[in-house]
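A.B. asks: One structure, as structure tokens, below. Some questions next.
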Amino acid sequence: MSEVLQNGRPPRGLPQRIALALAALLALVSSLYAVAIVASVSFAEEELISGVMHDDMLLAREQLERGETPREAPNTEIYGEGGGLKPIPPEFRGVGQGFTELIEHPAAFVYRSEWKGGDLMIVRDQGGFEEKEQTLFLVMVLSIFFVFFVGAFAGGWLAKRVMRPVEKLSEAVKAASAAGGWRELPAELRTRDEVGELAEICMGSLRRLHEALAREKAFTGDVSHELRTPLMVIETSSELLELTNLDERQQTQVERIRKNAADMRMLLGVFLEFARVTETSAHDAPDRVSGILARAEDLWRPFAEEKGLDFTVRREAECPGAYSPGMLGVVLSNLLRNAVAYTEQGSVTVIETATGVVVASTSPPIPPADRERLFKAFERGDAAKRSRADGAGLGLSIVSRICARMGWRVMLESTSEGNAFCVGLITDLTQKRADSL
């Protein structure tokens, strides 16, 4: 899959993140504005209304001292002890001195003050004010949600316009990367801004990458081609030696030279395959896994038996598909070469499975610290360094590169009984393999 799923969903693109960021910013600003309004209302209640009711309390006391009945403003009641005042209702008796706002039933503003050994209380009904206050809070909450959705819509529209040059650059880079050779990016992308600067950087990187790939292909092709001449001399000389009178031991050595020359020719074919653009050469038609295993068995069984090892090839299941004998043959040859070289006693087993091939041996277990670096060029494990077997540490590196090129997987499993290299050939039956016709 080309994109990583997060919680079962594809990750958000940059335009979506910009839109969400703008919407969240607007919602935050509107929330702060709503908090400021609430604080303003609270200040008005605490300071302004308390000040007005304090003045009303002073006026009522003056009127009572003159023997007059205090005049009550609309929605206002005056309670007190003596002076013909109405007694304080039970629901207000627990209210403290000074200004108090009661939100629960009854909703009221209360101002209480001492007067002639008793208490004087002014109660102003705030039911209507509380309803308007609740309506104001509801409107503010709805406004925050409205601002968020409007911000998300506007942010999405703005993000598309802002990100359009970047999207064009991304499309152009993808097209240039998929092209067979180097080509410049469109001139309209090389503008005098950050996007244009990024386009120049991408174009320079792509040019250097194509030049490096071209040099690598040319070097690989030239080396492989030039090595064919001395290889042909070796093969011709081997054929001429076979025509002379040789004893059995000499004949065995000549046969070994001839087989290794054939192995080297196959390796050169693989290196040339890396240097070519085409996926499969005409002379290397795909074959079934069982056929490639049979040829690998013919090549490596004599070397295993010469060391006294049991060499076994078996099929647990049929691996579907056809593969390049050159590519898969080189993978198996390198794995079998290591298995035979580093196994002093026991067995070497090759298994065909439903998903690939397993090469197992009773060689000394490979420590976990060595398993990853063994697939790097010129790296050898501690057991290989102590062994008398020759090797430069390139075999598993070649295996790793071929598997990466073909879309295969190679893994090492090590136990107390030995080591097993698992080559996974089938990862997705709907995906076309790099070496298929």
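We did not get these values from a lab; they are worked out from the coordinates using the rules stated. All values derive from a computational prediction rather than experimental measurement. Quick reminder, even Gly has a Cβ in these numbers, built from the backbone with ideal geometry, and neighbours come from all protein chains shown.
A.B. asks: For residue 226 and residue 146 in the same chain, what is the full-extension length gain: residue separation times 0.36 nm, less their Cα-Cα distance, in nm?
C.D. replies: That works out to 21.4 nm of additional length.
A.B. asks: Please arrange 37, 103 by how many other C-beta atoms lie within 10 Å of their C-beta, fewest to most.
C.D. replies: Listed from fewest to most nearby Cβ atoms, that is 103, 37.
A.B. asks: When a footprinting reagent is the concern and you count Cβ atoms within 10 Å, what order do 247, 55, 125 take, fewest first?
C.D. replies: Lowest to highest Cβ neighbour count: 247, 55, 125.
A.B. asks: At a Förster radius of 51 Å, what calculated FRET efficiency corresponds to the Cβ-Cβ distance of residue 233 and residue 412, to the nearest 0.05?
C.D. replies: 0.85
A.B. asks: In the range 97-215, if every C-alpha pair distance is counted and binned at 10 Å from zero, what percent goes to each bin?
C.D. replies: 11, 20, 13, 10, 9, 8, 10, 10, 6, 2, 0
A.B. asks: Continuing with this model, one more query. Please give the contour-minus-distance gain from residue 260 to residue 187: 0.36 nm per residue of separation, less the Cα-Cα distance, rounded to one decimal in nm.
C.D. replies: Length gained, residue 260 through residue 187: 20.8 nm.
A.B. asks: Could I ask something else about it? Based on the Cβ-Cβ distance of residue 294 and residue 212, what FRET efficiency does E = 1/(1 + (r/R0)^6) give at R0 = 45 Å, to the nearest 0.05?
C.D. replies: 0.70
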